[in-house]
1. Can you tell me which lysines have their Cα less than 21 Å from the Cα of residue A:9? Leave out same-chain residues fewer than eight positions away.
2. With the cut-off at 18 Å, report for chain A the share of all Cα pairs above it, as a whole percent.
3. So which GluC sites (Glu not before Pro) in region B:12-115 pass both tests, a DSSP loop state and at most 16 other Cβ atoms within 10 Å of the Cβ?
4. Along the charge dipole of the protein assembly as shown, which of B:98, A:25, B:65 sits closest to the positive end, that is, farthest toward it, with unit charges on the beta carbon of Lys, Arg, Asp and Glu (+1, +1, -1, -1)?
5. Tell me, what does the Kirkwood hydrodynamic radius of the protein assembly as shown come to in angstroms if you use every pair of distinct C-alpha atoms?
6. Would you mind working out the magnitude of the charge dipole of the protein assembly as shown relative to its Cα centre, with +1 at each Lys and Arg C-beta and -1 at each Asp and Glu C-beta, to the nearest 20 Debye?
7. In square nanometres, what is the average projected area of the Cα convex hull of region A:17-59?
8. Send over the semi-axes of region B:9-115's equivalent ellipsoid, whole angstrom and largest first, taken as the square roots of 5 times the C-alpha gyration tensor eigenvalues.
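FYI, it's all coordinate maths here, none of it is from the lab. Owing to the predicted nature of the structure, the values given are computational and were not obtained by experimental measurement. Cβ placement follows ideal geometry from the backbone for every residue including glycine, while neighbour counts extend to all protein chains displayed.
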Amino acid sequence: DSGVTQTPKHLITATGQRVTLRCSPRSGDLSVYWYQQSLDQGLQFLIQYYNGEERAKGNILERFSAQQFPDLHSELNLSSLELGDSALYFCASSVGWGLYNEQFFGPGTRLTVL
Amino acid sequence: QQQVKQSPQSLIVQKGGISIINCAYENTAFDYFPWYQQFPGKGPALLIAIRPDVSEKKEGRFTISFNKSAKQFSLHIMDSQPGDSATYFCAASLGGSGNTGKLIFGQGTTLQVKP
């Protein structure tokens, strides 16, 4: 158990809908990263927050947004969902930001868009 | 240029054998190269990592070999065990002004160790 929690574990929804994925980092970790894992694209970095501030952005669609709250939990909002958004979404956390900080991954949220 | 290419896509090894997974990159600004192990239904977990100023790092049965001039690095699993059956991802992280800690992953290698 990495200490990173993600809810829900599974999410099934329809095209055009909006969902919110939630992540609680390990105690003491200030950085949160979101990654998308799909069969065709592999594991792709979406966005990173550090202590409430956006730190880096990857290939995140405009339909997707995220935020990190004062208690350091983070939410990833996915709107106008398309079939291609079906994937595993992972949250990871680390103590600081920067390349030598080990990232601890949560168990993921499996999103299925029908 | 921000890609990491990983091979093979899948690998079958007999118990006790050596598993070798290779990765290559183009961007010389990458400054940190971790390997992650992922079991079905779980998130990736850090296995071992190396910095480019080191040519080899060993932790137990796991060794990373790093060739900076060739821009290649590889994971060797010695005495492979059925419990090592998992998907392995190489990754890279930018240093310098691009340093945020975000990881760029290879496509993954599914390893099956046969008893």
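1. In chain and number order, the partners are B:42.
2. Details: 2822 of 6441 pairs.
Cα-Cα pairs of chain A separated by over 18 Å account for 44 percent.
3. Here the GluC sites (Glu not before Pro) that fit, given the DSSP loop and packing criteria, are B:26.
4. B:65
5. That comes to 18.0 Å for the protein assembly as shown.
6. Charge dipole of the protein assembly as shown: 380 debye, to the nearest 20.
7. Its average projected convex-hull area is 4.0 nm².
8. Equivalent ellipsoid of region B:9-115: 25, 15, 11 Å, largest first.
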